Every structure is written in structure tokens, then in C-alpha cells.
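Taking it in order: structure first as C-alpha cells, then the write-up.
Throughout, read-outs are computed from the coordinates displayed, never taken from laboratory work. Keep in mind the model is a prediction, meaning the values are calculated, not measured. So basically every Cβ, Gly included, is an ideal-geometry build from the backbone, and we count neighbours across all protein chains shown.
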Amino acid sequence: MIDMRVNIAGVPFKNPVIAASGSFGFGREFGKFYDLSRLGGISVKGLSLKPRQGNPVPRIAEASSGMLNSVGLQNPGVEEFIREEIPFLREHDTVVIANIFGNAVEDYCEMARVLDGQDVDMLEMNISCPNVKQGGAAFGSQPESVLEITKRVRECTQKPLIVKLTPNVSDIAAVAAAAEQGGADAVSLINTLLGMKIDIRTRRPVLANNTGGLSGPAIKPVAVRMVYQAAQAVSIPVIGLGGIMNGEDAVEFLLAGASAVQVGTANLVNPYACVEVIDGIKHYMKQNKIENINEMVGRVEMN
């Protein structure tokens, strides 16, 4: 028997595969292709206090082995999520993770308070956003700011709290440790790498916002390295993401120290990506006579 169950911060998952925030929306479109109950969890599209239109177009561009996006966290706002999307998500047997963001610490705190009494299983805090009160630097760019915002949000909710880390830092281990010190129950990484694409005919950036987040297979080696470093630095669970396209990719993250994985950009290429990743992990376990998926976590043998 293959046991793919994992436990993240006291929350049981039937398998370690979570649809990542952003590319999966609220799951409605993908529910037309397969039963969402097959998923370990869904991290919903990033939520703000008020509806947000996002950045001007064009805001998506292809890149070598990946894509750039500057969508700008377009979303319907937390109140519509509570009213329209939670009931839909609860029709399925899967863990529901509310991804939240803001431009001030108070925004994050208010989001945590609003969602604390709602029927979601966990919160995931995206700290790649610019702190408008501190000159626009991302909340997640320095261990000190990660510690502060995590402590503040931790005080505002009883829900298990995942802190989603940006890779655009000099020391990911220190940032992960700061999140744990601040009270995070888990960390997820990596978010997108900052990139740019230029149209050589117009000599202008392809994206209207000039720069965007690079995701997809191109960033996987960076993500695997950072997940390994973060897992060495913290005692809380690590959720790995960044360029996972199939089961073998996911196994790399598990061996590096991730207790679970998230699948993002792959969903835009293949709507069945998440379930194929689940099946791919199971196939690897059968091939290697691994009965319990937790036996794989952190089992990389370094040279």
C-alpha cells in the first residue's frame, strides 16, 4: 500500500500536491477537467481587502523555459471570496488555503482577522509585495521585516500560517528562520524571480510594467537549492514550488526537504498537471518500494 498522506502544521493532506496560488484561480475552470477532491490542497488566488484590477496589459510574456507575469494580483476581494468561492471550494474534499497580500502590515493583519472565522483551513501570506510605508521594498526582502510582519499577523489569527518567501534575497535560510521565529507554522518557496524581456524591434520592455515574475522550469534548480537551504534552517514544514511540471520534479523537492509541493505555471500548459504530478509521485514510490511518502522527505544524499 502506498501512503501519500502528509501533515502540515496539524492539517492533514491526502497527498502532498497543492495547486499553487495564481495560476489555478479558485479551481472552477480546472474542476471541469477532473474532480478537485483528488488534490491535496488548493492555495487560492491571492486575496486583498478590496477588489483589485491588477496591472495594465500586456502582463504575460513567454520566456525561455518559463513565463514572465506582471498580472498585479488581480482578484475580486476577500468579501466576494467568502461569499462566492468558499462554498464552491467546500464542495470538494481538499484542503483550502487562503493566500493573502497587502501593501502595509495593517492590510495583512486585517485580512487575517477577516478570514480567521471563515471556513478555510490555512492562510498563506505572500510577502513578495512592496511595503509602501517603507519605500516600496518587499516585506520578504530582509529577515527583520519578515520577522516583524509574521509576528504581527500571527497575533491576528488562530489559523495555521504559511509564509510564502521571495527568492529575491541574499540569504534564504536567514529569511526562513525569521519566519519561523515570528510564529509561522510553515514556509512555502519559492515565489517568482524578478525578470525582464525586451522587444528588440521596439526597444521597449514587453511587459507594460517593465519587469515581471519569472516562473516555470527555468527557475526549478534555484528553487530546489533554496528549499534545501530553508529546510536545513528551520524545524517547521517547508512547502516547495518553482518549475514543477511532473512527478519527478516534485520528488526532487521532497528529497531536498519539502514536506509538500505546489504546482503553478504547469497548470497553464496542461490542465491535468496537478493530478499527473500526484500519479508521478506514486509511480516513483512504487518503483522504489517506498510505502510512506514521509520516508522521502529530506533524504537527498549530498556529495
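Overview of results
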item	result
Karplus (6.51, -1.76, 1.60) ³J(HN,Hα), θ = phi - 60°, over the range 23-39, in Hz, Gly and Pro reported as x	6, 9, x, 10, x, 4, 5, 6, x, 7, 9, 7, 6, 4, 5, 6, 7
Fluctuation leader among 44, 234, 222 - the chain, Gaussian network, Cα springs under 10 angstrom	222
Distance between modelled label sites at residue 80 and residue 32, nm, 7 Å Cα→Cβ extension	1.9
Distance between the range 147-195 and the range 215-255 - C-alpha centres, whole angstrom	15
Relative contact order %, the chain, counting alpha carbon pairs below 8 Å whose residues are six or more apart	20
Lysine pair number, Cα distance threshold 20 Å (strictly under), the chain, separation 8 or more or different chains	13
Cα gyration tensor shape of the chain, rounded if a/c is under 1.5, else prolate or oblate by comparing a/b with b/c	rounded
Listed residues 246, 168, 210, most fluctuating in the chain (Gaussian network, C-alpha, under 10 Å)	210
Relative packing of 173-185, 276-288, which averages over residues the other C-beta atoms within 10 Å, highest first	173-185, 276-288
Residue of 225, 83, 201 that the Gaussian network model of the chain assigns the largest fluctuation, springs spanning Cα pairs under 10 Å	201
Extension gain, residue 201 back to residue 299 (0.36 nm per residue minus Cα-Cα distance, nm)	30.4 nm
Length-normalised contact order of the range 10-56 in % [C-alpha pairs under 8 Å, at least 6 apart]	46
DSSP-assigned coil residues among GluC sites (Glu not before Pro) in the range 12-86, each with at most 12 further Cβ atoms within 10 Å	29
Cα shape, the range 1-54, gyration tensor, a/c 1.5 rule	oblate
Helix-only [θ]222 nm of the chain, DSSP H runs n ≥ 4, -39500 (n - 2.57) each, per residue, nearest 500	-8000 deg cm²/dmol
Shape call, the range 238-290: gyration tensor on alpha carbons, a/c limit 1.5	oblate
